[in-house]
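Peer 1: Quick one: structure below, then a few questions.
The values are calculated or read from the model by the stated rules, or taken from the named source; none is laboratory data. None of the values given here were measured: they were computed from a predicted structure. Using ideal geometry, Cβ is built from the backbone for each residue, glycine included, and neighbour counts are taken over all protein chains shown.
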Amino acid sequence: MQDSIRKFIIENFLAGKDDPTFKNDDSFLDSRVIDSTGILELIDFIEDEHGVSVEDDEMTTENFDSVAKVAAYVERKIA
Amino acid sequence: MEAVWSYLEEAHRRFPEREAVVFGDTRWTYATLYRRSLGLANQMSAMGVGAGDRVALLWENSAEYLRIYFAVQKLGAVLVGLNPVIDARYLDKVFGDCAPKLLVAQVKFARRFSADLNAATSPPAWLVDAEGLELPAGADCELIEDDELSELECPLPGYEDNSLILYTSGTTGQPKGVTLSQHNLIANTDSIAEYLELDETERVMVLLPFYYSYGHSLLLTHVAVGGCLVIDNRLAFPNNVLDTMERERVTGLPGVAATFTIFMTRSNLAERSIPSLRYFTTAGGALPPAGLKRLRGLLPTARPIIMYGQTEGTARLSYLPAAEVDVKPGSIGRGIPGVKLEVLDDEGRPTAPDVTGEIVASGENIMKGYWGDPEETSNVLDEQRRLWTGDLARIDRDGYIYVVGRKKDMIKSGAFRINPKEIEDLAAELAGVVQCAVIGVEDELLGEKMVACIIQEFEERLEIKEVKMHFRKLLPHWKQPQEILFMSDFPRTSSGKVRKHLLKESYLATI
């Protein structure tokens, strides 16, 4: 799951170049990898690709602020 | 007030133990902010920074940002506030323009551009928050220290001396450095604090970046009254911000249309209660009437205040008080205290009521000019030092102003002024692109979204993904077009110039 999310982030927000200094635990906000419109693109991606439905209450840093957090969230939702 | 620094000195004298700034787990009183600012000013001074020197700052909103800001002010140096998510190409232009003596930056941002900077124009000294940065040849670098001082001998700058430079997009695609004096900042700060009736009990929610004139005005107005800045940079997750607002009992919520749209569409604001909130302010483009109505329902204790401004006017030019929002719907109000706003025709005569003209502003807050660019300055400041804003408006019989459009080909997206030419020129660098025309189209979230219309050399050779990637490599996120369209040709004038209003009409007809 982390690979799928990471691939999406690299292709869409890191100009296609994998950045080894960008870790799966790194905060998207803190590292400014994605901004508020980027978060929406990411949510569209996981809704389309993984068939989860994201509720307003769930749009928090706890669920969406790193590759690892997004992957864990999706895994919880589809479990 | 004598100088911008004096605001902090005065707040420290009157309210040493009141909270000045809250950011995550960091809480600084005015005494802490004051002593830490002096400690940093001492370090900068030892690095050779003195009165009039430019200090470029690439730092996210934080308590630390305030400390750096006031350290620079203490030395009478000139702060150049920049968007930290920025590319080397843009920075080369800015550094070439204003020649900063020192760059203060967070390594997490600086590592993205430091190796690519032009060493000839890059600042000779760097002050950073961590090790491990690849520096341009010849640059000296120090780590920012945590020293505190209780006093530092240093003469106050003169009232007309420069204090701040904020860069905006120019009509030529070159960034222009709006240069603001101590006098400009003090005039605007005092006026805003007066009409918003701010005092030391204020706790403002800071979501707007300090490198943006509206965000910067929050910093100075709240230090001026001894209030508290509650900073949260997580607007992408509005529920987290609402937690902060509840916990910190914020009293003011300044935003642009996009800020409020995010709260209304992506948070559980309807289930919350923030009774501490006294007001919200909106500027940087109108919030649609339906959105404003809904927001007022969601924030019942907060007075709505509509405002209008430009970086060239320090920040604020007009406001519409809460009591008049229903009386004059859609209006940006009238000039703030000390600012005269007029709507004039091309000959400089006031327009008749409800006839469109240009908004022209005068007052002590109007910038000194664009840094090192008398020609661009004379395009917007006339001999009476009036600012011709480029915004088209009408004025009603009671003197209330209604913005109807813009004179120049500029796009306002997410409250940023963006020159489409800059994006068009970059698109043309991509192999296979013959011409690109970027149009602004109304958008609920951004105010305007950017649509890049592209004519290809050979049809169907390029993919939209390639163009997107090209923009992502070269432009910060706020300058990236939201949509890319391939077209066979554009509507044109007889001389071949693209008729953008027709292009926009044909775009709107197809969606």
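Peer 1: I'd like to check something: does the stretch B:378-391 contain any residue that is of a type in the set (S, T, N, Q), part of a loop (DSSP other than H, G, I, E, B) and crowded, with 16+ Cβ neighbours inside 10 Å?
Peer 2: No: zero hits.
Peer 1: Against the condition touching a Gly at 6+ places or on another chain (Cβ under 9 Å) and within 14 Å of another protein chain (Cβ to nearest Cβ), how does B:Asp232 come out, does it pass? Please lay out each step first, then the result.
Peer 2: Working: touching a Gly at 6+ places or on another chain (Cβ under 9 Å): yes; within 14 Å of another protein chain (Cβ to nearest Cβ): yes.
Yes: the conditions hold for B:Asp232.
Peer 1: Only one of B:Glu153, B:Glu160, B:Glu148 is among the acidic types (Asp, Glu) and within 30 Å of B:Gly390 (Cα to Cα); which? So that I can check it myself, show each step before the final result.
Peer 2: Working: B:Glu153 fails: within 30 Å of B:Gly390 (Cα to Cα); B:Glu148 fails: within 30 Å of B:Gly390 (Cα to Cα).
Step by step, each of B:Glu153, B:Glu160, B:Glu148 is checked, and only B:Glu160 is among the acidic types (Asp, Glu) and within 30 Å of B:Gly390 (Cα to Cα).
Peer 1: Further question on the same structure: Any chance you could count how many residues in the stretch B:263-283 are within 26 Å of B:Leu317 (Cα to Cα) and surrounded by fewer than 22 Cβ atoms within 10 Å (Cβ to Cβ)?
Peer 2: 3
Peer 1: Something else about it: Taking the condition of being over 21 Å from A:Arg76 (Cβ atoms) and more than 8 Å from chain B (Cβ to nearest Cβ), how many residues in the stretch A:24-40 meet it?
Peer 2: Residues flagged as over 21 Å from A:Arg76 (Cβ atoms) and more than 8 Å from chain B (Cβ to nearest Cβ) within the stretch A:24-40 amount to 1.
Peer 1: Select from the stretch A:5-16 the residues that are among the charged types (D, E, K, R) and either facing chain B (nearest Cβ under 9 Å) or touching a Lys or Arg at 6+ places or on another chain (Cβ under 8 Å) (or both) and list them in ascending order.
Peer 2: Passing the criteria: only A:Glu11.
Peer 1: Let me ask something additional. Exactly one of (1) farther than 30 Å from B:Arg385 by Cβ; (2) away from every other protein chain (no Cβ under 14 Å); (3) at pLDDT below 95 is unmet by B:Thr261. Its number?
Peer 2: It is condition (2) that B:Thr261 fails.
Peer 1: Taking B:Glu444 as meeting all but one of (1) out of contact with any helix residue (DSSP H, G or I) (no Cβ under 8 Å at 6 or more places or on another chain); (2) under 30 Å from B:Gly357 (Cα atoms), write down the number of the exception.
Peer 2: Every condition holds for B:Glu444 apart from (1).
Peer 1: Also, quick follow-up: Restricting the stretch B:43-73 to residues that are closer than 19 Å to B:His12 by Cβ and of a type in the set (Ser, Thr, Tyr), which is surrounded by the most Cβ atoms within 10 Å (Cβ to Cβ)?
Peer 2: In this case the residue turns out to be B:Tyr69.
Peer 1: Answer yes or no: is there a residue in the stretch B:50-57 that is free of Cβ contacts under 8 Å to residues at least 60 places away in the same chain and touching a Lys or Arg at 6+ places or on another chain (Cβ under 8 Å).
Peer 2: Keep residues of the stretch B:50-57 that are free of Cβ contacts under 8 Å to residues at least 60 places away in the same chain, which gives B:50, B:53, B:55.
Okay, now just the ones that are also touching a Lys or Arg at 6+ places or on another chain (Cβ under 8 Å), so B:53, B:55.
Within the stretch B:50-57 (the criterion being free of Cβ contacts under 8 Å to residues at least 60 places away in the same chain and touching a Lys or Arg at 6+ places or on another chain (Cβ under 8 Å)), the answer is yes, since at least one residue qualifies.
Peer 1: With (1) of a type outside the set (Ser, Thr, Tyr); (2) exposed (fewer than 15 other Cβ atoms within 10 Å of the Cβ); (3) at pLDDT below 90; (4) outside any helix (DSSP H, G or I) as the list, and A:Asp57 as the residue in question, which single condition is left unmet?
Peer 2: All conditions are met except number (4).
Peer 1: State which residue pairs qualify: first residue within 12 Å of another protein chain (Cβ to nearest Cβ) and inside the stretch B:101-115, second residue assigned to a helix (DSSP H, G or I) in any location, beta carbons under 9 Å apart, and separation of 6 or more residues or different chains.
Peer 2: Partner pairs satisfying both residue conditions: B:Gln106/B:Glu64; B:Val107/B:Ser114; B:Lys108/A:Asp30; B:Lys108/A:Ser31; B:Arg112/B:Ala88.
Peer 1: Where in the stretch B:285-370 are the strands (runs of 3 or more DSSP E), entirely inside, with at least 1 residues that are surrounded by fewer than 16 Cβ atoms within 10 Å (Cβ to Cβ) and under 24 Å from the mean Cα position of the chain (by Cα)?
Peer 2: B:339-344
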